[in-house]
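Beneath this line is the structure, given in C-alpha cells, with notes to follow.
What follows is calculated from the coordinates using simple rules that are stated; it is not laboratory data. Predicted model only: the values in this text are computed from it and were never measured. A quick note on method: Cβ atoms are made from the backbone with ideal geometry, for glycine too, and the neighbour counts reach across all protein chains shown.
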Amino acid sequence: MIRRIPGGGGWLSQAAVQALVSLLGASLLVWALLPLAPGDPARRILEGQGIEDPTPAQIEGLRTELRLDRSIPEQYVSWLGRAVRGDLSTSWTDGSDVRTELLRRAPATALLAVTAIALALAIAVPAALLAARFPGRWPDTATRGVALLGSAVPSFVTSLLLLQVVVVGFGWGSTLTRGTISDVWLPAAALAFALAATWSRLLRASLLEALSQPYTAMVAARGASRTRVLVRHALPNASVPLLHAVGLGVGALLGGAAIVETVFTWPGVGRYVVSAVQRRDLPVVQGFAMMATLVYVTVSLSVDGLSRLIDPRLRAPA
Amino acid sequence: MDAGLQVRDLHVRYTDGTWALRGVDLDIGAGASVAVVGESGSGKTSLLKALLGLLPDGTEITGRATFAGHDLLAATPPERRRLLGSVVGYVGQDPYASNNPLLNVGRNVAESWRAKGLRVGAERIADTLQRLAIPEPRRTMQRHPHQWSGGMLQRGSIAAATALAPGLLLADEPTSALDAELADRCLDDLLSTAPTALVVTHDLRLAARHVDMIAVCYAGRLVEVGRRDALLDRPQHPYTRALLAALPVRGGGLPRPLPGTPPDLRAPDSGCAFAARCDCSVPACRSRVPSLVDGVACDAIAS
Amino acid sequence: MTIPLPLVADTGARASRPAGWFERVVSTTSGRVGAGLLVVVLFLVIVGPVLHEHDPAEVAFGRSLESPSREHLLGTDQYGRDQVARLLDGGRRSLIAGGLVLGGVVTISLVAGLAAGLGGRLLDAAITRTIDVVLAIPSLVIALAIVGALGPGFWTLVVALVVAQWASMARLARSLVLAAVRRPDVLCARLAGIPSWRIALTHVLPGTIAQLLAVATLELGSVIVAIAGLSFLGLGVQPPQAEWGSMLSGARGVFTIAPWLLAGPTAALLMIVTAANLLGDSLRDALDPSTSTISRGTP
C-alpha cells in the first residue's frame, strides 16, 4: 500500500521553492567574492598561464572575453546562467575545467563522508542506548566522559593522533592514502570521532526525555520489557532530533573534510580546494562553495522530509 | 477476600528522602471499585506506580500487595511483565501524552499484545475498539493520536488497557483531561470494562457518582476508607470533612478552602500528619500516629 | 569540528537578570570546572609570556628538535624554538583573534536583531531571509571561500570567521529582541509614545547584550578550533607567527621523531574547548528549566 501523506505534495513543492531561493541567495553571495577580491582577475589569469608581464592589450582582451567590462548586474546574471548550466568556469592557475576537476574528486569525498557518518552512527546509537538504559550508572558515565572528550578534540588533532598511534605505533595502514575503500577507515574514524561524541550526547538526552514521557510508562505498564520500551518507542521518538543533527553534521563535514583530507592526503574535493584557497584560485573556490551549498540544501530538505515521514504531527496542517 | 486487591503496610520512599507512602492498608473486594482521593502530593499516584512497578530505580518499597493470589511487589521483573496487561491494566491521565505520537491508534492499541510478545491482527484490534463504542474502528484506528478527539482517545486507551481482560484496572486521573460530560461517560466506560478498579482522582464529586468505595489519602496515608454513601453522608475524619466542605454546593454559599499546606514528607513521622491543619486536634494527635480503625484514622474523634 | 547546539531562545524577562543564571551556572559541578579551566587558560596566556624568559621567535638551529628538558619544558621544534614560549604566544594570538571574531559577531547580530525586531515587517523579512541564505552555506565553506578571495592572513581569518558565524547568532538576537518587544514594560513604553530607537537602547539592548555575550563566550571554544583548523591548513595565521593549529601543522612532518611537539597544542585546545563545552552544558540547563534536575522532582 502506498503511504499517503496528507498535504505531502504541497509541502514538497513549497520546501523545494524555499530551497531554490536559498540557493539563489547563496549564489549571489558566492559570486560577490569575485568583485570583492583584490586584484584584477584578468591579470591573475594571464599570470597563471605563465605570462609574466601581460600587456594592457592582452588584459583588455581577456576582460572583454570574460565580460568583466560589463555592468555588475550583467556580470552576475551571465555567471549565474553559466553556473545553472553546470559551467563553473576554469581554474585561474592551470586553466582546467572546474566542474570536471570537482566531479573527478567528488566520489572520494563522498566515500569518506558517508563512511564517517555511518561509523559515527554505529558508535553513537549503541552508546546512547546503553547510556539511556542505565542512566547514572557506569555505562552512562563512561560514554558521557568519552563523549565530552570527543567533542573537544578537533578533527586535525584526532587525525594526527591516529597517524601517530595507529600508523606509526602499530604499523597499520599508511600515512598516504589513495582514496580507496581499504584506505578510508582512518580518515573516516578521524571525522567520525567528533560526530559520534556530539550525536551520542544529543541522542542520550532525547532518549531520556522520551523515557520521561507518559507514553513510555504506558507501554511499560502493559508489560513491555525495558529494552522494548527503549528501542521500539523511545528511539523512534528520539530519532527526529538526531536526524537534524546528522543534517548539521553533513554541513560540518563539507568543510571539515578539507582538514582531514589534507592530513591523510586523501584525493578528495577538500584537499583540492585547500590548495586552490592557498593559490587564491577563485573559480575553484566558488565552484566548491556552490557544490557544497547544493549538497547541504538537498540534505536539509531530505532531513525535513524524513522527519515528516517519521513524525505524523509534523504533517498536520499548522 | 483472596480474589481482590490487598495492600498491607505499603511504604514508598524516593531517593531524595521523600516518604510518598507511610503505611497504606487497603482492601478491595473482587468486583468492587475504589476511588482514591486527595490533594496533589498526597501519595495517590505513588500508590499506583508502586502497584505497577513503575517507580524509579532506587526507590525503597516495603510492604505487601497481592491481587488474586499474585504478589505485585515481590514479583521479579519477568514475572511482573507477565502480570502487567493481563492481570493488572493501567489507564493514564492525558490520553494524548500516553499514546506514542508516532504510531497510529491501532498500533498503539496493538502494543497491549505486542508488548508481551503476542501477535495480533487488525480484526482483533478493531473489535477491541468496537467494545468501547468507537465508531468505524477499522478506519479511525489508521489515524494518529493527535487526529483523535480527547474523549475518544481516552476510550481508545481504556480499550487498550482492558484488551487482555485484566482483573484489576488501575487508573490515574483518567478524566482530568476531559470536560465534565465526557468525564462522566469515560469513567462509566472504564468501570464497566473493569471487574476490580482503583481510580486515583482529585475530583471527589465525579468519583462519588461512579465508584463503590472511597479512600481518602493524606500525606502518604489513608485517613478514611468507606462505602461511598456512608463516607459522603457521614464523613468522620476532619480531613474528609474539610475536603467535602471545599466543594461548591448549590445554594450552599462559597466553598471553604482548606487552610494551610501539606506537611513536609521528608520529615520523620511524628503524630498525625493532619494535626497542624486540623481544627479539632487534641495534644495526643501530635505525639501518636493514628491507625486506621473502622475505616477512620483519627484519635481526636475517637476519644 | 564542533557542532554548536542551538540554545533555546529565552524570554526577555529572564534575559534582563543575567545574575540569576550566572549563579546557577557556577552552582553546578560542570559549570565550576568549566569556569575554572577557562580562568586557568586565560591566566597562563595573559601572564605566562611575561614570566617565561624564552622568545617565541628565537631561532637556534643548534638546539632543534630537543626533547623536553628543564630548559625547554615542552622541547623545541625544527628551528630550535622553545615550545612553551610559542604555545603561550600562540594562545594569546588565538584568544585575541577569537575575541575579535566574537566581538564582531555580537555587534553584527545585535544590529541585525534590533533592526529585524523593531524596524518593521519589511526589514524583518529582508534580514530573516538573508540569515536563512547564509545559513544555507556550511560555515567552514564560507570561511574557506573568503580566505580564497582575500588571501590568507590574520585579518582575513577574523573577517572570514565573522562572516561564517554571524548568522546563527543574529537569529538568536532577533528572537531575543522579539521576546523583549512583547514584554509589558516595552509595550507600556511604546504606548507612551517613546521613539523606538530609545526603547531599543534602554529596554531591549541591555538584556539582549548580556544574553548574547554569554552565548558568545561559549562559542569561544569552537571559534578557537576554527582558527586552529584554518591555520593548520596554512590558511590562517601565517608563519613564523605562532598559533596552536600552525604549530601542529609544523609538527606534522617530524612527529614520528619528535612526538612531544603534539602535546602542548593538543592539550591547550582540549582544555579550552572542554571549558566551553562544560560551561555551555550548565548554561543550557540554567536557561532552560525543563532540563534542569532541580525542577524534575518526584511526583
Running a GNM on chain A with Cα contacts under 10 Å, which residue among A:ALA190, A:ALA37, A:ALA257 ends up with the highest mean-square fluctuation?
A:ALA37
Cα centroid distance between the range C:133-209 and the range B:160-187, in Å?
51
Would you pull out the residues with amide H under 5 Å of B:GLY63's amide H, same chain only if 5 or more places away, H placed 1.01 Å from N?
B:HIS11
Peptides C:227-236, B:67-76 ordered by average Cβ neighbours within 10 Å, highest first:
C:227-236, B:67-76
Per residue of A:155-168, other chain Cβ atoms within 10 Å number on average 5
Please rank A:VAL167, B:VAL293, B:VAL225, fewest neighbouring Cβ atoms within 10 Å first, as an exposure proxy.
B:VAL293, A:VAL167, B:VAL225
Counting other C-beta atoms within 10 Å, which of C:TRP244, A:TRP31, A:TRP92 has the fewest, and how do the rest follow?
A:TRP31, A:TRP92, C:TRP244
To the nearest 10 degrees, how steep is helix A:72-84 against the longest Cα principal axis of chain A, on a 0 to 90 scale?
60
Degrees between helix C:154-181 axis and first principal axis of chain C (Cα, 0 to 90, nearest 10):
20
Between C:LEU205, C:LEU150, C:LEU269, where does the largest GNM mean-square fluctuation fall for chain C, given springs only between Cα atoms within less than 10 Å?
C:LEU150
Averaging sequence separations of C-alpha pairs under 8 Å and six or more residues apart, then dividing by the length of chain B, give the relative contact order as a whole percent.
20
Scan around B:ALA20 for amide H atoms under 5 Å from its own, H built in the peptide plane at 1.01 Å from N, and keep only partners 5 or more places away or cross-chain.
B:VAL12, B:ARG13, B:TYR14
Relative contact order (%) - criterion: Cα under 8 Å, at least six apart; region: the range C:159-271:
16
Order of A:HIS233, B:HIS202 under a 10 Å beta carbon neighbour criterion, fewest first:
B:HIS202, A:HIS233
Selection from C:ALA143, C:SER246, C:VAL45, by position along the positive dipole direction of chain C (Cβ)
C:ALA143
Within 10 Å of the Cβ of an average residue in A:282-295, the count of other chain Cβ atoms is 3
If you find the alpha carbon centre of the range A:191-216 and of the range A:241-318, how far apart are they in angstrom?
22
The protein assembly as shown: translational diffusion in µm²/s, Stokes-Einstein, Kirkwood Rh over Cα pairs, 20 °C, 1.002 mPa s
67
Across peptide A:305-315, what mean number of C-beta atoms from other chains lies inside 10 Å of a residue's C-beta?
2
Could you tell me the relative contact order of the range A:107-315? Use alpha-carbon pairs under 8 Å, at least six residues apart, and round to a whole percent.
26
Highest mean first, what order results for C:89-102, A:139-152 on Cβ atoms within 10 Å?
C:89-102, A:139-152
Taking H as built 1.01 Å from N, whose amide H comes closer than 5 Å to the amide H of B:CYS272, not counting residues under 5 places away?
B:ARG286, B:SER287, B:ARG288
Between the helical axis of A:282-310 and the dominant principal axis of chain A, each derived from Cα atoms, what acute angle in degrees is found, rounded to the nearest 10?
20
Alpha-carbon centroid distance for the pair the range B:192-209 / the range A:73-102, whole angstrom
75
Which value, in debye to the nearest 20, describes the size of the charge dipole of the range A:17-84 about its Cα centre when Lys and Arg Cβ atoms bear +1, Asp and Glu Cβ atoms bear -1, and nothing else is charged?
300
Hey, in the GNM for chain B with a 10 angstrom Cα cutoff, which one of B:ALA32, B:ALA122, B:ALA65 fluctuates hardest?
B:ALA122
